[in-house]
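One structure is given here, and the rest of the page talks about it.
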Amino acid sequence: MKAELHKAAKATSEDRLSFIKFKPVFGDLATNDRFTTMYAKMAEHVYSNPDVRDHMREIAAFTTTE
């Protein structure tokens, strides 16, 4: 299962939902439109800027303003 999960994760660069389409782990989560819309946006955001520090700063700023 590890190899298949890794393959699904690598395919995210072409298909933003590839990882969560891995049913043995995530079941039918990929059919939840509300979740997949946000997940795809976040995946796109990560691929557009791979610097995790920037993302963590954004999350911290978001959570402190709520």
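Looking at the range 54-66, which of its residues are closer than 20 Å to SER13 by Cα and either loosely packed, with under 10 Cβ neighbours inside 10 Å or modelled with pLDDT of 85 or more (or both)?
Going residue by residue through the range 54-66, those that are closer than 20 Å to SER13 by Cα are 54-55.
The answer is ASP54, and nothing else.
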What number of residues within the range 11-27 satisfy the criterion of being part of a helix (DSSP H, G or I) and in contact with a Ser or Thr (Cβ under 8 Å, 6 or more places away or on another chain)? 2
So, in the range 28-44, of the ones that are assigned to a helix (DSSP H, G or I) and among the acidic types (Asp, Glu), which residue ends up farthest from ALA9 (Cα to Cα)? ASP33
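Before we move on, is TYR47 part of a helix (DSSP H, G or I) and surrounded by 14 or more Cβ atoms within 10 Å (Cβ to Cβ)?
On the way: part of a helix (DSSP H, G or I): yes; surrounded by 14 or more Cβ atoms within 10 Å (Cβ to Cβ): no.
No.
The values are calculated or read from the model by the stated rules, or taken from the named source; none is laboratory data. Because the structure is predicted, anything quoted here is derived from the model rather than measured. Heads up, the Cβs are rebuilt from the backbone with ideal geometry, glycines too, and the neighbour counts pull from every protein chain shown.
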